[in-house]
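The values are calculated or read from the model by the stated rules, or taken from the named source; none is laboratory data. What you see is a predicted model; the values in this text were computed from it and never measured. In this analysis, Cβ positions are derived from the backbone assuming ideal geometry, glycine residues included, and neighbour counts consider all displayed protein chains.
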Amino acid sequence: MAPEQDIIDHNGYRRGVGIVIWDGRDRVLLARRSDRRGWQFPQGGVRQGEPPRDAMYRELKEELGLDPSQVREVARMGRWVSYKLPPRYRRSRAPRCIGQKQLWWLLRLACADERVRPDLAEEPEFDDWSWVDYWHPAEEVVFFKRSVYQQVLEEFGERVGLRATVNMR
């Protein structure tokens, strides 16, 4: 099977989706990258011809082993948010890629914690996960994604009535 083609816009941003799994109170699920390069929310690219919602559910299954029936959609960002990659991570060969623009979802887990299975993927992106304080990921994530995480958590926090407990700027 041929590799899936990234969708990269004319400005060099790869289209992707991001997922925040919320416990319905004050915690979110954060996953540790298998390469031990930090913790993050599940995210991934949108394939050619794939609607973003379908990409979100595909990534949910691939990265956490969860089916759509195991979550409930709470909110979706009304806009794409983007970040630039540091120069050492940018792809200069065609198609050039300087960063990502993502559409984010807030999902509520509707199943027991033990059904979160990042180890089910052929090549697991994550090897561990944990429930953390809702605002913690904005401080934990790699520096070049921090602004996106702040925007996402602020917007979703307003929608579900959570006030920031850390300085978000």
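I need the full set of residues from region 24-43 which are out of contact with any strand residue (DSSP E or B) (no Cβ under 6 Å at 6 or more places or on another chain) and of a type outside the set (S, T, N, Q), in order please.
Residues of region 24-43 that are out of contact with any strand residue (DSSP E or B) (no Cβ under 6 Å at 6 or more places or on another chain), as a first pass: 25-26, 33, 35-38, 40.
Once the filter is applied, which keeps residues that are out of contact with any strand residue (DSSP E or B) (no Cβ under 6 Å at 6 or more places or on another chain) and of a type outside the set (S, T, N, Q), region 24-43 yields 25, 26, 33, 35, 36, 37, 38.
May I ask you to list the residues in region 17-73 that are among the polar types (S, T, N, Q) and under 29 Å from residue 161 (Cβ atoms)? Steps first, please.
First pass over region 17-73, keeping only residues among the polar types (S, T, N, Q): 34, 40, 43, 48, 69-70.
Matches in region 17-73: 40, 43, 69, 70.
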Answer residue from region 83-97, given it is under 14 Å from residue 145 (Cα atoms) and crowded, with 17+ Cβ neighbours inside 10 Å and is farthest from the chain's Cα centre (by Cα) among those
85
In region 42-60, how many residues are surrounded by fewer than 20 Cβ atoms within 10 Å (Cβ to Cβ), in a helix (DSSP H, G or I) and of a type in the set (Asp, Glu)?
1
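From the list 125, 114, 140, pick out the single residue that is of a type in the set (D, E, K, R), in contact with a Lys or Arg (Cβ under 8 Å, 6 or more places away or on another chain) and modelled with pLDDT under 95.
Working: 114 fails: in contact with a Lys or Arg (Cβ under 8 Å, 6 or more places away or on another chain); 140 fails: in contact with a Lys or Arg (Cβ under 8 Å, 6 or more places away or on another chain).
From the options 125, 114, 140, the qualifying one is 125.
Of these, 58, 32, which one is touching a Gly at 6+ places or on another chain (Cβ under 8 Å) and within 21 Å of residue 141 (Cα to Cα)? Show your work before the answer.
Numbers: 58 fails: within 21 Å of residue 141 (Cα to Cα).
Exactly one residue qualifies, and that residue is 32.
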Scope region 61-92; condition assigned to a helix (DSSP H, G or I) and in contact (Cβ under 8 Å) with a residue 60 or more places away in the chain; matching residues
62, 63, 64
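Would you check if residue 104 is in a loop (DSSP other than H, G, I, E, B), crowded, with 17+ Cβ neighbours inside 10 Å and among the aromatic types (Phe, Trp, Tyr)?
Numbers: in a loop (DSSP other than H, G, I, E, B): no; crowded, with 17+ Cβ neighbours inside 10 Å: yes; among the aromatic types (Phe, Trp, Tyr): yes.
Taking the combined requirement at face value, the residue does not satisfy it.
Here is a yes/no grid of residues against (1) among the hydroxyl-bearing types (Ser, Thr, Tyr); (2) under 26 Å from residue 13 (Cα atoms); (3) within 13 Å of the chain's Cα centre (by Cα):
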| residue | (1), (2), (3) |
| --- | --- |
| 76 | no, yes, yes |
| 81 | no, yes, yes |
| 103 | no, yes, yes |
| 106 | no, yes, yes |
| 128 | no, no, no |
| 131 | no, no, no |
| 135 | no, no, no |
| 139 | no, yes, no |
| 144 | no, yes, no |
